[in-house]
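In what follows, a single structure is set out as structure tokens and then discussed.
The values are calculated or read from the model by the stated rules, or taken from the named source; none is laboratory data. Because the structure is a prediction, the values reported are computed rather than measured. All Cβ positions, even for glycine, are placed from backbone atoms using ideal geometry, and neighbour counts span all protein chains on display.
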Amino acid sequence: MDCRKTAFLAVVALAVLISLSLAGCSQPEKKPAFEWGAGSAFYQSDAGEPKELLRGFSIEPKVVVAAELWLGEPGKNADIFNNAFIPFYAVVAGNDRNAIQLIIFKDSGGQISKCHTNYGDVKTQEVLGRAECEAFLAAEDHNLTILFRIPDASLSRSVIWLDSSRATVRAKNTEDLVILSRSLALQLYPNASEILEKTKEKLGQLDSNKTGTQ
């Protein structure tokens, strides 16, 4: 085989590789089997109709409420924790559910570093290593898990993704995360609005007390 033919074949092979790569990158996002809009919140699922799944979630007696936070970044975490996680956790606990708190700390590379959990007891606080945390999150004995993921600006849209026993809140920014948190609480529990207002007042009082002591 002469050099010109070898060079030609090499160019053809390179062109094929590039075209395959571009084809892979241009594939559209997989459309969910089910989608439902409630106000400004969108619910998606491949497991069933969102309203039916939510109806089942609302009666579960044991709920893991989990939130991802950045390790060592209290400033970044404040809105997620105070305005999305805490209000939702208060609604679950206020409906006499066994509310289990799980805080997932992630490092700068997006990997789980550790977790804090109370195992459903407000007087308990235990630190879990990465492996323990992943195992706890994946445990099959949880009736329902609500997971607030760290906001991701690269998402095409903020949504609540529903599996058979989990709701994952995926937001582009913290503002959307708060909106989705409230929407999910309202869909699951009829008294959510009242509890959310009381929680907001309590958090406001705590902020005022902190300001007054500085």
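Miscellaneous remarks
- Lone qualifier among G94, G75, G110 - being at positive phi and either at pLDDT 95 or above or of a type in the set (G, A, S) (or both): G110
- In segment 126-146, the residue that is surrounded by the most Cβ atoms within 10 Å (Cβ to Cβ) out of those that are of a type in the set (A, V, I, L, M) and part of a strand (DSSP E or B) is I146.
- Looking across L53, L128, L69, one residue alone is modelled with pLDDT of 95 or more, within 23 Å of L177 (Cα to Cα) and touching a Phe, Trp or Tyr at 6+ places or on another chain (Cβ under 8 Å). It is L69.
- Residues satisfying the stated conditions in segment 147-165, i.e. surrounded by 16 or more Cβ atoms within 10 Å (Cβ to Cβ) and out of contact with any helix residue (DSSP H, G or I) (no Cβ under 9 Å at 6 or more places or on another chain): W161
- Scanning segment 167-178 for residues that are in contact with a helix residue (DSSP H, G or I) (Cβ under 9 Å, 6 or more places away or on another chain) and not in a loop (DSSP other than H, G, I, E, B) returns A167, V169, R170, T174, E175, L177, V178.
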